[in-house]
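Below you'll find the structure, written out as structure tokens, and then a few comments.
The values are calculated or read from the model by the stated rules, or taken from the named source; none is laboratory data. Computed from a predicted structure; not experimentally measured. As a convention, Cβ positions derive from the backbone with ideal geometry for all residues, glycine included, and neighbour counts pool all protein chains shown.
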Amino acid sequence: MRTVFGGMVAVLALAVMSAAQTVVPREQPLIIKSMAGADLFKFYCSTCHGEDAKGRPATLSGHPAAPDLTTLTSRNGGVFPRQHVLDVVRNGAGSPAAHGPAGMPVWGAIFRGLEPDETHAAIRIENLVDYLQSRQEQARDLGR
């Protein structure tokens, strides 16, 4: 009786563990078809930087602060730091002062890993940076 009961407990435990390890399909794809900078920003960046690209403060749960990306030009003497932004998106922050803590994903590596075509990954990054540059112009034009 003990052996049968012990066997049933073991089978039940295995069933519970395997159910817990079942991979649940993602509701969203890992990569979107659109290559438009605004769409890329909304899909990949807005979670941290906000849909308006104004950033967000650090949270109590340990998420680091995300900088306001609409002020890159004003923080760089009125010139959009295009090459620096491209480098940060492609290769990571490099230094904490460049982007805050190393919590930002290295999108260049991620896009190259998700795309069968390296050219598409490069186009996505260029379009994303173009979008960020356009957000600078909007912020300046609106007197923000």
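Could you grab the pairs with beta carbons closer than 6 Å, sequence gap of 6+ or different chains, first residue in region 108-122 and farther than 16 Å from Leu86 by Cβ, second one at pLDDT 85 or above and surrounded by 10 or more Cβ atoms within 10 Å (Cβ to Cβ)?
Between residues of region 108-122 that are farther than 16 Å from Leu86 by Cβ and residues that are at pLDDT 85 or above and surrounded by 10 or more Cβ atoms within 10 Å (Cβ to Cβ), the close pairs are Glu115/Ala121.
Taking region 75-94, which residues are among the hydrophobic types (A, V, I, L, M, F, W, C), part of a loop (DSSP other than H, G, I, E, B) and surrounded by 12 or more Cβ atoms within 10 Å (Cβ to Cβ)?
Phe80, Ala93 - these are the residues of region 75-94 that are among the hydrophobic types (A, V, I, L, M, F, W, C), part of a loop (DSSP other than H, G, I, E, B) and surrounded by 12 or more Cβ atoms within 10 Å (Cβ to Cβ).
Condition first: surrounded by fewer than 14 Cβ atoms within 10 Å (Cβ to Cβ) and either modelled with pLDDT of 90 or more or not hydrophobic (A, V, I, L, M, F, W, C) (or both). Now tell me which residues in region 53-74 satisfy that. Outline the logic, then answer.
Within region 53-74, the first condition is being surrounded by fewer than 14 Cβ atoms within 10 Å (Cβ to Cβ), and the residues that meet it are 57-62.
Within region 53-74, Pro57, Thr59, Ser61, Gly62 qualify.
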